[in-house]
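Take a look at the structure set out below.
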Amino acid sequence: GVVGNEGITSTTQRQGMLKRLCKRILTTSVFPTVFARILRAPESHNVTFGSFVTLRCTATGIPVPTITWIENGNAISSGSIQESVKDRVIDSRLQLFITKPGLYTCIATNKHGEKFTTAKAASTLSIAGRMDFSICITQERGEPALLHNILLWGNLSFISYSSYL
């Protein structure tokens, strides 16, 4: 209803009335809440070793959810994440340099009062091609022998570790 100034004679009475009115409005207003929901799940890929891949996840909800990326059950330790929000939809893109296969999970979370809602979607990254391991021993004059474990991937080679014998 409409609130008038009838019978209000002091600033204190006016402030008291405004506080009660605001409290009534806040306690009777209904703010919509919508649970977090994945709109676009990240896609699985079969990629070559040493390539870049971008995983994309979009989610919606009220309030707009936050997105967290998980790699093989752990928080992402590498990669670049870019996010944007438009029309209550969050778009998260994770760019990775691929050196190993993995399971990547997009987790969208939003809060409703004291409770949180969560939606999850996962994708796998597998590595195409052939991988071989090789071991070689090197020794320079007067130095201890050094053992090298070498990873061969197609026409690329990487020393995965070296240790003294």
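The values are calculated or read from the model by the stated rules, or taken from the named source; none is laboratory data. Predicted model only: the values in this text are computed from it and were never measured. Cβ placement follows ideal geometry from the backbone for every residue including glycine, while neighbour counts extend to all protein chains displayed.
Find the residue count for the stretch 40-55, including only residues that are surrounded by fewer than 16 Cβ atoms within 10 Å (Cβ to Cβ) and outside any loop (DSSP other than H, G, I, E, B).
Result for the stretch 40-55: 5.
Quick check on the stretch 96-113: of everything there that is under 13 Å from Val47 (Cα atoms) and loosely packed, with under 13 Cβ neighbours inside 10 Å, which residue is modelled with the highest pLDDT?
We begin by selecting, within the stretch 96-113, every residue under 13 Å from Val47 (Cα atoms); these are 96-102.
Filter once more, so that each one left must be loosely packed, with under 13 Cβ neighbours inside 10 Å: 97, 100.
Details: Phe97: 93, Lys100: 88.
Among residues in the stretch 96-113 that are under 13 Å from Val47 (Cα atoms) and loosely packed, with under 13 Cβ neighbours inside 10 Å, the one modelled with the highest pLDDT is Phe97.
Confirm whether Phe116 is surrounded by fewer than 16 Cβ atoms within 10 Å (Cβ to Cβ), aromatic (Phe, Trp, Tyr) and touching a residue at least 40 places away in the same chain (Cβ under 8 Å).
Answer is no for this residue.
Could you please tell me which pairs satisfy a Cβ distance under 7 Å, a separation of 6+ or placement on different chains, a first residue in the stretch 53-78 that is farther than 15 Å from Leu39 by Cβ, and a second residue that is small (Gly, Ala, Ser)?
Partner pairs satisfying both residue conditions: Glu71/Gly102; Asn72/Gly102.
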